[in-house]
Amino acid sequence: MAATVSDFLVHRLREWGVRRVFGYPGDGINGVVGALARAADSIEFVQARHEEMAAFMACGHAKFTGHAGVCLATSGPGAIHLLNGLYDAKMDRQPVVALVGQQSRSALGGHYQQEVDLVSLFKDVAAEYVQMVSTAAQLRHVVDSAFRIALSRRCPTCVILPTDVQELEAKQPPRAHGTVHSGVGYSAPRIVPSPQDLDRAAEILNAGERVAMLIGAGALHATEEIIKVSDMLQAGIAKALLGKPAVPDALPQVTGSIGLLGTKPTWQMMSECDTLLMVGSSFPYSEFLPEEGQARGVQIDLDARALGLRYPMEANLLGDSAETLQLLIPRLRSKKRTQWRQRIEASVAEWWQTLEKRAGQAASPLNPQRVFWELSPRLPEGALLACDTGTAVFWYARDLKLRSGMRAAHSGSLASMGSAMPYGIAAKFAYPNRSVIAMIGDGAMQMSGLNELITLARYWRRWANPQFIVLVLNNRDLNMVSWEQRVTEGEPKFPGSQDVPDFSYAAYAELLGFKGIVVADPDDVAAAWDAALAADRPVVLEAIVDPSVPPLPPHITLEQARNYLKAILKGDPDALRIIKASVKEMLT
Ligand SMILES: Cc1ncc(C[n+]2csc(CCOP(=O)(O)OP(=O)(O)O)c2C)c(N)n1
Ligand SMILES: [Mg+2]
């Protein structure tokens, strides 16, 4: 039997299949850290630079592997730092268990140093389960519930451990009234809709003449089924950001991304379809979906809360996407090649040409689209991608051609900056043989990415395949927001809030023992990627890109155009450059 409560906790983590804890220590959690040290040959402790990064790593672990991620922090400030990464897990529905220290039971309520009301602090983010362990025999069932709830409800949960409880002698609950006797293990159920609902959905889909599909993160494991259904229904497939890896981008019926960072073929398909089949997506912006009344809707989602939420659907199917589609397929009639599908394919083919032209447009010094365009054919097999929040996400969503077997993570619903480095590190720990490519803006690098490069420097030699490329878009600007200020607010860029100090990311990489590459000339981009992909160590590829290339939405409303003009007339400091670049983009 394990010696202390902390030893038993670590033992139980092992029983739940945990091999790795992402965290940062402190005296509030020293008991657990001591137990992790004693169990170092069976559980790995990965030390981040900041607790928020540890929480993003745990969430990234869940996003890439499907297993629960575990993060650890000390009481007070360490606990508070975890929050943003845990909200990422909550909003993108990922199983994460947070282990957090607390002051000694005898001090609680005494305005003690680092005493924060942690149950209240985590009440919203870990709404499904947050519990403080206050006696040894309670630990077992609290840990078991934290894992089972995180896995089954796909959410973060939180276990709070006072320092003195961490050091108590481990104790199993006695067979007595007032005790709980829990066990380990969770196996996902098979969730499928009723035959009547499937029939109803099939009837709607079979009646449709112009079917559009929209898929999201819930479709990631349903690649074959999605493609098969799109062929049977002669539908096009649009992808919400988190669903991008679900089907290869090169398929002729894949219209690509949707929303502000969407494509023209997706916009056209959504404006003209008569039937919408939405699979595993909570894409939030209804104005990019068909108008109400225009299309009949069928939705498949594993979470009832998502059903019928974005569009008034006629059939709401609660179920796993792959299983539900498998049951739907025998009910669908295969359509012969339709004009609708031909039109979608033609529009997709034309759009790829537009993107190629846009990527080839001159910019000062470098057009960011070129950087992503050149990466597509070079993406290593099975690459694991992590994309930060910023303009990178536009070019990632539109220009990058993912192939089958690749995986990607992004902070979708929270859209937080600073997630790509920790996601990439977690991906590499989980799959040390696969290549990782992280795509990050200079603002996000300075927010937290530079520090996580130090984490990378510490660990990369452990990995069988050292390939870890960090693409930094150095535009000296918080560019995405500068554009939002112009287009949605009609405000000119405010340099005081938007300018990012210049920094040599490549030189810093060299300082850390990585390879640093700077690229500023469009003709050097291909060679820069080749050099980065040939390196025997992690690489920072610093692209000096032009902040005046506009990440245009797929469809510009009159109001957006008016705001844009207003911003320029109000004296945007980059007025001339952005006008020139916008005209070029629109001409393509
Ligand atoms: C934690 C956090 N703070 C602020 C924002 C708002 N925000 C979204 S994108 C962005 C700019 C990102 O700048 P950078 O990383 O340089 O990328 P760029 O858009 O310039 O390519 C900001 C400030 C956010 N999403 N997350
Ligand atoms: Mg920037």
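Evaluation of A464 against the conditions (1) under 19 Å from A408 (Cα atoms); (2) assigned to a loop (DSSP other than H, G, I, E, B) shows that the sole unmet condition is (1). Among the residues making up the stretch 121-157, a single one is in a helix (DSSP H, G or I), more than 21 Å from the chain's Cα centre (by Cα) and either of a type in the set (S, T, Y) or modelled with pLDDT under 95 (or both): S145. Taking into account only those residues within the stretch 439-458 that are away from ligand 2 (no atom under 16 Å from the Cβ) and open to solvent by 10 Å² or more (accessible area, probe 1.4 Å), which is farthest from R398 (Cα to Cα)? It comes out as R458.
Residues in the stretch 302-340 that are open to solvent by less than 10 Å² (accessible area, probe 1.4 Å) and out of contact with any His (no Cβ under 8 Å at 6 or more places or on another chain) were compared, and the one that is nearest to W267 (Cα to Cα) is Y311. Each residue in the stretch 407-438 was checked for being more than 14 Å from ligand 1 (Cβ to nearest atom), within 26 Å of S257 (Cα to Cα), open to solvent by 30 Å² or more (accessible area, probe 1.4 Å) and in a loop (DSSP other than H, G, I, E, B), and 1 of them qualify. Among strands (runs of 3 or more DSSP E) entirely within the stretch 1-104, having at least 3 residues that are modelled with pLDDT of 95 or more and open to solvent by less than 10 Å² (accessible area, probe 1.4 Å) singles out 20-23, 69-73, 96-102.
Where in the stretch 241-308 are there strands (runs of 3 or more DSSP E), lying fully within it, with 3 or more residues that are modelled with pLDDT of 95 or more and closer than 28 Å to E203 by Cβ? The strands (runs of 3 or more DSSP E) meeting that bar are 275-279, 296-301. Pairing each residue of the stretch 131-151 that is over 16 Å from T4 (Cα atoms) with any residue that is part of a helix (DSSP H, G or I) and open to solvent by 10 Å² or more (accessible area, probe 1.4 Å), provided the two are 6+ apart or on different chains, yields C-beta distances under 8 Å for Q131/V119; Q131/S145; M132/V119; D144/R12. Exactly one residue out of L168, L198 is over 30 Å from W16 (Cα atoms) and at pLDDT 95 or above: that is L198. Annotation: of all residues in the stretch 518-555 being at pLDDT below 95 and either more than 16 Å from ligand 2 (Cβ to nearest atom) or at positive phi (or both), the one that is surrounded by the fewest Cβ atoms within 10 Å (Cβ to Cβ) is H555. For residues in the stretch 371-400 being assigned to a loop (DSSP other than H, G, I, E, B), away from ligand 1 (no atom under 11 Å from the Cβ) and open to solvent by less than 10 Å² (accessible area, probe 1.4 Å), which is nearest to V545 (Cα to Cα)? Checked the stretch 371-400; the qualifying residue nearest to V545 (Cα to Cα) is L400. Among the residues of the stretch 442-467, the ones that are more than 16 Å from ligand 1 (Cβ to nearest atom) and not aliphatic (A, V, I, L, M) come to 10 in all. Got a sec? Which of L307, L318, L325 is within 27 Å of the chain's Cα centre (by Cα) and within 16 Å of I227 (Cβ to Cβ)? Every option except L325 fails the conditions.
Annotation: A426 fulfils all but one of (1) within 16 Å of ligand 2 (Cβ to nearest atom); (2) touching a Ser or Thr at 6+ places or on another chain (Cβ under 9 Å); the unmet one is (1). Taken together, the residues in the stretch 459-503 that are more than 16 Å from ligand 2 (Cβ to nearest atom), of a type outside the set (A, V, I, L, M, F, W, C), touching a residue at least 24 places away in the same chain (Cβ under 8 Å) and over 20 Å from R562 (Cβ atoms) amount to 5. Counting only helices (runs of 4 or more DSSP H) wholly contained in the stretch 487-565, the ones carrying 3 or more residues that are away from ligand 1 (no atom under 15 Å from the Cβ) occupy 505-511, 525-534. Considering the stretch 467-499, the residues that are surrounded by 18 or more Cβ atoms within 10 Å (Cβ to Cβ) and among the aromatic types (F, W, Y) include one that is farthest from the chain's Cα centre (by Cα), namely W483.
Taking the criterion of being outside any strand (DSSP E or B) and more than 6 Å from ligand 1 (Cβ to nearest atom), the residues of the stretch 468-485 that qualify are R476, S482, W483, E484, Q485.
The values are calculated or read from the model by the stated rules, or taken from the named source; none is laboratory data. Bear in mind the structure is a predicted one, so any value in this text is a computation, not a measurement. Glycine also receives a Cβ, built like all others from the backbone with ideal geometry; neighbour counts cover every protein chain displayed. Calculation scope for accessible area: heavy atoms of the full protein, side chains included, ligands and nucleic acids excluded. Shrake-Rupley method; radii C 1.70, N 1.55, O 1.52, S 1.80 Å.
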